[in-house]
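Before any comments, here is the structure.
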Amino acid sequence: MVKVMRVLGIETSCDETGIAVYDQKVGLLANQLYSQVKLHANYGGVVPELASRDHIRKIVPLIQAALKESKLSSADINGVAYTAGPGLVGALLVGATIGRALAFAWKVPAIPVHHMEGHLLAPMLEDHPPGFPFVALLVSGGHTQLISVMGIGKYELLGESIDDAAGEAFDKTAKLLGIDYPGGAILSKIAQQGKADRFIFPRPMTDRPGLDFSFSGLKTFAANTVRANNNEHQTCADIARAFEDAVIDTLAIKCKRALKQTGFRNLVMGGGVSANHALRTKMSVIMKKCNINVFYARPEFCTDNGAMIAYAGMVRFKSDANQELTIVVRPRWSLEDLNPVESI
Ligand SMILES: Nc1ncnc2c1ncn2[C@@H]1O[C@H](COP(=O)(O)OP(=O)(O)OP(=O)(O)O)[C@@H](O)[C@H]1O
Ligand SMILES: [Mg+2]
């Protein structure tokens, strides 16, 4: 097998087409992203069929743009990594089909990548990457999970949301406040103008032991609070603030528990909600008091992107690359099913 040098990464699991080139020695050489957010905003959520069609429209021009940005030609690429799951089946199939076809044409192996492993490893792309072991808090549009990470592929699920994901709760609460889909980031901006003590939201499932989460009740609490109050800007900001504070407190309480349970000293946050400024700041302050190091990716690598897939593909090249011509995607896929990687 060739010594891996450069991997092209393809991300198409939901509503972002992300393409990147990662060089094992130099690092990231190119990162291209096209977001379908405007397309889906009209419908208040992602429409799977439209997502697939838009990936098909954008993927080849983005690959060409990434190669141009990296100043490489196809002959310089040693492997093609693509998100094989979890995600929307039609959207995944676009990336998997193009990824496999390119790998076949370029006579290099393809590497199927787990989307959440991409989120989990995204902080490795930063200047001060975390060392193993660590607790990972994955907070995205579809997941809220606490994972014990002993190494690459050595994952144990410690807890997860039993209903809505954190990002989903942000987006649904934003919608109640009249903010277009996906409103999480805008809700957070509005929350900056909110008063901390006007409304107090519950901290779900923190009054009992365990590491699972539940966020759907917060959305109902928000709906009732919206209904019982006026819709002035300050009220919306106060509700946004109360909601965000409750989510952050809840996440912090469970992270502390997970760190205590595992005895690990490092916390890694990944997924779109980890771009949240208040979460990053408050978690860092809380964890500093407990002597825990907190790691997260730059905001554009918290939400979906090709860089994290190219990186995960590089890390998994030796163990998972293959030249099979079958196109298999896994819309549902547990991180615990991944193989451990002993050496890169
Ligand atoms: N600053 C922010 N504050 C709160 N939420 C945010 C912020 N930025 C993004 N989000 C939320 O992150 C989510 C998108 O993250 P991501 O792209 O990782 O999710 P996804 O890929 O749709 O889901 P998954 O990774 O679970 O498949 C959305 O719910 C969005 O509202
Ligand atoms: Mg994602």
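The values are calculated or read from the model by the stated rules, or taken from the named source; none is laboratory data. Worth saying up front: this structure is predicted, and the values here are computed from it rather than measured. Methodologically, a virtual Cβ is constructed for each residue, glycine included, from the backbone with ideal geometry; neighbour enumeration extends over all protein chains shown. Note: areas computed on protein heavy atoms with side chains; ligands, DNA, RNA excluded. Shrake-Rupley method; radii C 1.70, N 1.55, O 1.52, S 1.80 Å.
Is there a residue in region 88-95 that is touching a strand residue (DSSP E or B) at 6+ places or on another chain (Cβ under 7 Å), in the same structural domain as Gly306 (by TED's automatic domain parsing), within 20 Å of Ala312 (Cβ to Cβ) and more than 15 Å from ligand 1 (Cβ to nearest atom)?
Quick first cut of region 88-95, residues touching a strand residue (DSSP E or B) at 6+ places or on another chain (Cβ under 7 Å) only: 92, 95.
Right, trim to in the same structural domain as Gly306 (by TED's automatic domain parsing) and you get 92, 95.
Subsequent filtering for residues that are within 20 Å of Ala312 (Cβ to Cβ) retains 92, 95.
Filter again for more than 15 Å from ligand 1 (Cβ to nearest atom), leaving none.
Scanning region 88-95 turns up no residue that is touching a strand residue (DSSP E or B) at 6+ places or on another chain (Cβ under 7 Å), in the same structural domain as Gly306 (by TED's automatic domain parsing), within 20 Å of Ala312 (Cβ to Cβ) and more than 15 Å from ligand 1 (Cβ to nearest atom).
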In region 197-246, which residue that is within 16 Å of Ile162 (Cα to Cα) and in contact with a helix residue (DSSP H, G or I) (Cβ under 6 Å, 6 or more places away or on another chain) is surrounded by the most Cβ atoms within 10 Å (Cβ to Cβ)?
-> Phe215
Any residue at all in region 47-65 that is in the same structural domain as Ala91 (by TED's automatic domain parsing), surrounded by 13 or more Cβ atoms within 10 Å (Cβ to Cβ), small (Gly, Ala, Ser) and over 20 Å from the mean Cα position of the chain (by Cα)?
-> yes
State all residues of region 70-92 that are within 20 Å of the chain's Cα centre (by Cα) and surrounded by fewer than 18 Cβ atoms within 10 Å (Cβ to Cβ); if no residue qualifies, say none.
-> Val89
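Assigned to a helix (DSSP H, G or I), within 16 Å of ligand 2 (Cβ to nearest atom), in the same structural domain as Leu146 (by TED's automatic domain parsing) and surrounded by 19 or more Cβ atoms within 10 Å (Cβ to Cβ), is that true of Val268?
Numbers: assigned to a helix (DSSP H, G or I): no; within 16 Å of ligand 2 (Cβ to nearest atom): yes; in the same structural domain as Leu146 (by TED's automatic domain parsing): yes; surrounded by 19 or more Cβ atoms within 10 Å (Cβ to Cβ): yes.
Judged against the criteria, Val268 is not a match.
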Enumeration of residues in region 180-196 that are under 22 Å from Lys282 (Cβ atoms) and either hydroxyl-bearing (Ser, Thr, Tyr) or open to solvent by less than 40 Å² (accessible area, probe 1.4 Å) (or both) = Gly183, Gly184, Leu187, Ser188, Ile190, Ala191, Gly194
Hey, among the residues in region 161-176 that are of a type outside the set (Gly, Ala, Ser) and out of contact with any Ser or Thr (no Cβ under 6 Å at 6 or more places or on another chain), which one's surrounded by the most Cβ atoms within 10 Å (Cβ to Cβ)?
-> Phe170
Considering only residues that are of a type in the set (Gly, Ala, Ser) and assigned to a loop (DSSP other than H, G, I, E, B), look in region 299-341 and name the one that is most open to solvent (accessible area, probe 1.4 Å).
-> Ser334
Considering region 22-46 alone, what residues qualify as being over 20 Å from the mean Cα position of the chain (by Cα) and β-branched (Val, Ile, Thr)?
-> Val26
